Amino acid sequence: MNDGALAACIETRLKPGGRDVLAARVLHAAREAGLQTPDGLQIRQGWSLRIAGGGPRAELLAQRLLADPVLHDWRVLEGGASPAEPGLRRLEIVRRAGVMDPAAQSVVRAAAALGLEVRDVRSWAAWLAPESTPDELLLTLGRELLANDVIEELRLDPPACVPPAPELPGSGFSLGTVPLREADEAQLQAISSDGCLALDAAEMRAIAEHFRQLGRDPTDIELETLAQTWSEHCKHKTLTGLVDYEGELHDNLLKSTIARATHELEREFCRSVFVDNAGVIDFDDEHLLTIKVETHNHPSALEPYGGAGTGMGGVLRDTLGTGLGARPVASTDVFCFGPHDLPADQVPKGSLHPRRVMQGVVSGVRDYGNRMGIPTVGGAVCFDERYTANPLVYCGSIGILPRDKLEKEVRPGDLILVCGGATGRDGIHGATFSSLELHDESETVSSGAVQIGNAIEEKRLMDAQLAARDRGLYRGITDCGAGGLSSAVGEMGEHTGAEVELDRVPLKYHGLTYTEVWISEAQERMVLSVPPEHEAEILALFASEDVPATIIGRFTDSGRLVAHWDGTQVMDLSMAFMHDGLPRQTRRATRRQRQLSDPRELSPDEVGPTLLALLAAPNVASKAWIIRQYDHEVQGGSVIKPLVGVTRSGPSDGAVVAPVLGSARAFSVGHGINPKLGDVDPYRMTLHAIDEALRNAVAVGGDPDRTAILDNFSWGNCDKPDNLGDLVESCLACYDGAMAYRTPFVSGKDSLNNDYRVGGESRSIPPTLLITALSMLDDVCQAASMDLKAPGNLLLLVGETGPELGGSHLAGQLDATGLEVPPVDLELAPRIMRAVHAALAAGLVRACHDLSEGGLAVAAAEMAFAGGIGARIDAAAIPVRGAPDLGRRLFAESASRFLLEVEPEQLGALRQQLADVPHALVGQTRDDDQLELLDGSQLVARVALSALHLAHACTHDLDGEYTTS
């Protein structure tokens, strides 16, 4: 493009009379958040750019690409012109320099397809309000709802339109070294803290000693590489270290509990565990299944949309990087937020309001998954005030992999190819940032750790990569995630060596230093090892799919990681020291002292109101507002959806997907998570999480004897001995549970620094463990849903109900904790799972629902309103352990229980299948619209299905479908 290119702003707006949905949504959100709103609000979408050919070409770009002539008016302003409109004030939201702008990238690409030459594109939005609107009202609206200061800036009534993207200045080359050899303890700690390295004193001393032996100080890029490699995020130092727990030494909790169970079980369906980017298990004669769940917590706290979106993008790349590349066929998401109705004055300084975090996180996962064309099929949401400053975002991916594409390798002489997105400053220090606790200045200090993703870029990358896989054009692959190229190349070359020319890496813009290029976590990138004879073919293939691909070096046999910048060597590290030089430390763990309280008994006249209150409890209430934003039909394989029943209002226990079209083979996926139990007993919480994940997978048809599980720990700072003690208890329970159910762990992840520091006070999240279960179905026709199917059927309860209420929703409703979490009978529970599965496989069950939060009464209510079928339940008829009172029989959350609907003529056959486990006939379905709860002959509650549904639907009704603002 010649220097005479026109700097222009192109702005679109709805034609007069058009419904401004975005403005209406913002006004609704503002009112819900208690913010003052202007009398009216309008939005303008804008693009600033430089375009060859001047004004006529800019008009053509607006007409052909940026505006819909039916819906929009547009205007083109030359650079420097005022955008003001009579009678209106203007608040512009503009991305900061260097922040990823996917819309701008799309404009450049689409303009080229039209034969238009544009560059320096920036997308932005302008919100217009009446000229009488005060400054503070507009700025508050901008700060609280419209913009995030981490990635965007506000321009109030600007004198000139937004300029095109600025050309960032070049950094110039200067090789930096870090004076470690002569540094004392305080200086070493200052170097780590100032550089966001997340290395402790012992680790810094080990690095300093290593370089003393080499007779030199490390370069800046060498120190950064070690920090990424040794981060808690990448190295799992706590779980693989030494822990002294109440005088007993545990050496490598990961190996001695979670991995130990898998290796002792030696299940025949496990194909790859703990060695690749995801776990791999058998599926059918031609295919394997991969599964991985990742956390993206800290970035989502700072920039919820970008953090959650790149969390989903990252776990999808884990799938693409497993074996020689699996194709993603399903996604899952589990979130933990603060209450979205939390008063604003209770939000810690430096944190976003939970409502805004939730809306941003959901939007980020939605946009990434939907645009990639991958169904989001299941998940869960938990609410607790302790997640306000530390939200948790778990993103899961299930992929399908040809059996002959599992094995991969890297050989000396292979070329190092980076493909996908270009590299920018986004995500700098992401791996080390996630290894630190958040604080009230994280928004400013660590803003560079936030990544912004581009799902369309990753979709192109996926298609090109899988085509290259099928042609056999590469030998090894991994994703470019935490730590960027430093992690990807460092891991792939661990047993060989690698030499990298960093100045060859494609950049989004000028000005990056060699270290920034190396550790950037810019998204949508994969690293491949390519045999030299395939170089031309693979580059041509990626070019044909419009996916950038560049050879940046080669793998060697030196055992060293070497990098150059424009001919100058900037790094020369021993692979052995990088991967094995981390000093092991002994951490102290203690048993937590707990203050527990026993809830009172519930009177019969409280049963109905309590049921409605529990249905409306945040952790029980419908998550339809989230679910309905996701595409769970794309690819055509989803069988049991997240919402089921006649009005799609019933919360499905799990999901069932048949990924190979034309085949009856399917899988189910379920989740178990209940942090409230961990406040009382983290060991039993863990067993409940395993039991719940299995119940959810089995309830929709999965086979418990062909089930694999995953662990995802999110914990408070484990430098606190009681937090670490809770983690030890949870790991021990992982081993016991996996062995009892014979369910191997095949993958996992931990996030162990979820604290938030305000001043001198540090607050931890509750101990939170997510268990994901992946189970097989031979025949998709065996899948079952939870909604009642017909009046006149019988209801059977499988499993025993005990008196314990520890961590239960009923205890919370009665302002107590409960004294004891219900035990999980590890001999009985697996038998119950197998018996229920056998009954489902035999076609004896019309509906199946597991009992979890809220117990029997909540499960019966959900089944009834989901199916639009009335029901009667007799609490006196249920199988019990001990002597639970009425409230406990109806609302206790005892483990390993299912409520089954059966046709009368199938009752005998069903009871025969269940003969070896506790079960009882507890009720029947009815041809009315009521749920009746009895205690023997006494009717204790009669509630209309419409009231049950409304209570369940309203709590998270953020769009006002059931309530008005």
| field | Filtered residues of the stretch 768-794 (kept if surrounded by fewer than 24 Cβ atoms within 10 Å (Cβ to Cβ) and either under 26 Å from the mean Cα position of the chain (by Cα) or not small (Gly, Ala, Ser) (or both)) | value | 776, 778, 779, 780, 781, 782, 789, 791, 793, 794
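Here is a yes/no grid of residues against (1) at pLDDT below 95; (2) under 26 Å from residue 713 (Cβ atoms); (3) not charged (D, E, K, R):
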{"residue": "346", "(1), (2), (3)": "yes, no, yes"}
{"residue": "352", "(1), (2), (3)": "yes, yes, yes"}
{"residue": "357", "(1), (2), (3)": "yes, yes, yes"}
{"residue": "382", "(1), (2), (3)": "no, yes, yes"}
{"residue": "385", "(1), (2), (3)": "no, yes, no"}
{"residue": "396", "(1), (2), (3)": "no, yes, yes"}
| Just a yes or no: is a residue in the stretch 502-512 under 26 Å from residue 372 (Cβ atoms) and in a helix (DSSP H, G or I)? | no
| task | From the list 374, 428, pick out the single residue that is crowded, with 24+ Cβ neighbours inside 10 Å and out of contact with any strand residue (DSSP E or B) (no Cβ under 9 Å at 6 or more places or on another chain). | result | 428
| task | Scan the stretch 752-765 for residues that are closer than 18 Å to residue 347 by Cβ and either crowded, with 24+ Cβ neighbours inside 10 Å or not β-branched (Val, Ile, Thr) (or both) and jot them down. | result | 754, 755, 756, 757, 759, 761, 762, 763, 764, 765
| field | All helices (runs of 4 or more DSSP H) inside the stretch 217-286 with 2 or more residues being touching a residue at least 40 places away in the same chain (Cβ under 8 Å) and over 27 Å from the mean Cα position of the chain (by Cα) | value | 220-229, 259-265
| remark: Log entry, pairs with first residue in the stretch 568-587 being in contact (Cβ under 8 Å) with a residue 60 or more places away in the chain and over 15 Å from residue 228 (Cβ atoms), second being among the β-branched types (Val, Ile, Thr) and assigned to a loop (DSSP other than H, G, I, E, B), beta carbons closer than 7 Å, six or more apart or on different chains, reads none
| task | Output the residues belonging to the stretch 890-916 that are under 30 Å from residue 817 (Cβ atoms) and not basic (Lys, Arg). | result | 890, 891, 892, 893, 894, 895, 896, 898, 899
| message | For the stretch 111-153, give me the residue count where each residue is touching a residue at least 60 places away in the same chain (Cβ under 8 Å) and either aromatic (Phe, Trp, Tyr) or in a loop (DSSP other than H, G, I, E, B) (or both). | response | 10
| With 313, 396 as the choices, which residue is in contact (Cβ under 8 Å) with a residue 40 or more places away in the chain, under 11 Å from the mean Cα position of the chain (by Cα) and not in a strand (DSSP E or B)? | 313
| What are the residue pairs meeting all of these: first residue in the stretch 639-650, first residue more than 10 Å from residue 867 (Cβ to Cβ), second residue part of a loop (DSSP other than H, G, I, E, B) and charged (D, E, K, R), Cβ atoms under 7 Å, and 6 or more apart or on different chains? | none
| remark: Result of the Cβ filter at 9 Å on the stretch 83-95, keeping first residues that are at positive phi and partners that are in a strand (DSSP E or B), at least 6 apart or interchain, is 87/130
| field | Test set (1) out of contact with any Phe, Trp or Tyr (no Cβ under 7 Å at 6 or more places or on another chain); (2) under 20 Å from residue 636 (Cα atoms) - residue 323 fails condition number | value | (2)
| task | Return yes or no: is residue 871 touching a residue at least 60 places away in the same chain (Cβ under 8 Å), under 23 Å from residue 616 (Cα atoms) and not acidic (Asp, Glu)? | result | yes
| query | Which one is nearest to residue 124 (Cα to Cα) among residues in the stretch 75-91 that are part of a strand (DSSP E or B) and touching a Leu at 6+ places or on another chain (Cβ under 7 Å)? | reply | 91
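The values are calculated or read from the model by the stated rules, or taken from the named source; none is laboratory data. What you are looking at is a predicted structure, and each value in this text was computed from that prediction instead of being measured. With ideal geometry, Cβ positions are generated from the backbone for all residues, glycine too; neighbour counts draw on all protein chains shown.
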